[in-house]
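Have a look at this one before I ask anything.
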Amino acid sequence: MATYLEFEDKIRKIEEEIITAKSRADEPAVEILNKKLDKEVEKTFKNLNDYQKLQLARHPDRPYALDYINGLLTDAYEIHGDRHFVDDHAIVCYLGFIGTQRTLIIGEQKGRGTKEKLKRNFGMPSPEGYRKALRAAQMAEKFQIPILMLVDTPGAYPGLGAEERNQSEAIAKNLYEFANLTTPTVSVVIGEGGSGGALAISIADKLAMMRYSVYAVISPEGCSAILWNDPSKVETAAQALKITAENLKQQNLIDDVVNEPLIGAHRKKDEAIVALKKYFLSSILELKKLSPEERKEKKYQKIMSLGSFQE
């Protein structure tokens, strides 16, 4: 059963009316209601505020990394373990083909349902997850296989065990090593990009965000708690943080915005997968026109320009 957010209530009512009309085989009514639905979708989704986009980024029906992997990859083969401690299920790594392009996909997976969420640790990787991602990336580097990274996490796991196994070092090493890769790399925020947990698989030749994804150094909830000690200030924090794809594109902190369907990837999953596939393949064609040394230098210059300002 579909889940509707508060601002989607009018859309929910129209879709229920369409179902009723179809059950009566009332085709004229269905046609009228579909036109009404299109107008309501355009009206609603073209006027979203930053907090509403945050809600969409966290929507329970939104496609997760494995949904994209299953829709994109053929001949998929999963890579397990970091060869040091354990296989972290919050990060998944798959080799396969996107079209005719051999690709490694590294993704952060949240999971659905209580059992799956616990298995995936709610999408919060531990150090071994980042080390698994790095091991897979270094293998792709050896054979010059392009890498697609799918970012979707509230943040790296802050538990005692993760700190004992050096969470900060694992993230820092990923930042350093991913910056030095010469194989073409593309990273896309598909949902929620939280703090260093997202940054650890975001260093790439191309960094993009899906239309309704968010990317921030801290969650709006955390920001409101620290600055105002008031949970009711979440919407204010979401606006102040500039966490949406459009805001980050304007600040030159990301390269592109992937236009998922206007009504959202949670309603049209297949179309969102197609949009991501087109973006990735076109980006790889563009990156392959450059030599490995040119790609590395361009990536370096992009990283060094982050945070620049003019007085």
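The values are calculated or read from the model by the stated rules, or taken from the named source; none is laboratory data. Quick caveat, the model's predicted, so the values are computed rather than measured. Don't worry about glycine lacking a Cβ; one is built from the backbone with ideal geometry, like all the others, and counts go over all protein chains shown. Note: areas computed on protein heavy atoms with side chains; ligands, DNA, RNA excluded. Shrake-Rupley method; radii C 1.70, N 1.55, O 1.52, S 1.80 Å.
I'd like the full set of residues that are more than 16 Å from A245 (Cα to Cα), of a type in the set (A, V, I, L, M) and open to solvent by less than 80 Å² (accessible area, probe 1.4 Å), limited to the range 264-309.
Selection gives I273, V274, L281, I284, L287, L290, I303.
Let me ask something else about it. Given the criteria loosely packed, with under 13 Cβ neighbours inside 10 Å and in contact with a Gly (Cβ under 6 Å, 6 or more places away or on another chain), does D88 qualify?
no
Could you list, in sequence order, all residues of the range 93-133 that are of a type in the set (A, V, I, L, M, F, W, C), within 19 Å of K278 (Cβ to Cβ) and surrounded by fewer than 23 Cβ atoms within 10 Å (Cβ to Cβ)?
Of everything in the range 93-133, those that are of a type in the set (A, V, I, L, M, F, W, C), within 19 Å of K278 (Cβ to Cβ) and surrounded by fewer than 23 Cβ atoms within 10 Å (Cβ to Cβ) turn out to be F97, I98.
Among the residues of the range 52-61, is there at least one that is under 22 Å from the mean Cα position of the chain (by Cα) and under 30 Å from T183 (Cβ atoms)?
The answer is yes, given that some residue of the range 52-61 is under 22 Å from the mean Cα position of the chain (by Cα) and under 30 Å from T183 (Cβ atoms).
List pairs: first residue in the range 113-138 and within 16 Å of G191 (Cα to Cα), second residue modelled with pLDDT of 95 or more and open to solvent by 60 Å² or more (accessible area, probe 1.4 Å) anywhere in the structure, Cβ distance under 6 angstrom, at least six positions apart or on different chains.
Hits for this filter: R120/H89.
Can I ask one more? Might you check whether a residue that is out of contact with any Asp or Glu (no Cβ under 8 Å at 6 or more places or on another chain), small (G, A, S) and closer than 28 Å to A265 by Cα occurs anywhere in the range 145-165?
yes
Go through the range 231-250 and give me each residue that's open to solvent by less than 20 Å² (accessible area, probe 1.4 Å) and not polar (S, T, N, Q).
V234, A237, A238, I243, A245, L248
Does I79 fit the bill of being at pLDDT 95 or above and open to solvent by less than 10 Å² (accessible area, probe 1.4 Å)?
no
Now, a different point. Could you list, in sequence order, all residues of the range 2-25 that are over 31 Å from the mean Cα position of the chain (by Cα) and either part of a helix (DSSP H, G or I) or surrounded by 14 or more Cβ atoms within 10 Å (Cβ to Cβ) (or both)?
Those that are over 31 Å from the mean Cα position of the chain (by Cα) and either part of a helix (DSSP H, G or I) or surrounded by 14 or more Cβ atoms within 10 Å (Cβ to Cβ) (or both): E17, I18, I19, T20, A21, K22, S23.
A further question follows. For G191, all conditions in the list (1) over 22 Å from K298 (Cβ atoms); (2) open to solvent by 20 Å² or more (accessible area, probe 1.4 Å) hold save one; what is the number of the exception?
Condition not satisfied by G191: (2).
Exactly one of these conditions fails for W228: (1) more than 14 Å from the chain's Cα centre (by Cα); (2) among the aromatic types (F, W, Y); (3) surrounded by 20 or more Cβ atoms within 10 Å (Cβ to Cβ). Give me its number.
Here W228 clears every test but (3).
Continuing with the same structure: Step by step: first the residues of the range 148-169, then only those that are surrounded by 24 or more Cβ atoms within 10 Å (Cβ to Cβ) and of a type in the set (A, V, I, L, M), then the one that is nearest to P125 (Cα to Cα). Which residue is that?
Ranking the candidates gives A156 first.
On to the next question. Within the range 39-55, take every residue that is part of a helix (DSSP H, G or I) and open to solvent by 100 Å² or more (accessible area, probe 1.4 Å) and give me the one that is nearest to I243 (Cα to Cα).
Ranking the qualifying residues of the range 39-55, first place goes to K43.
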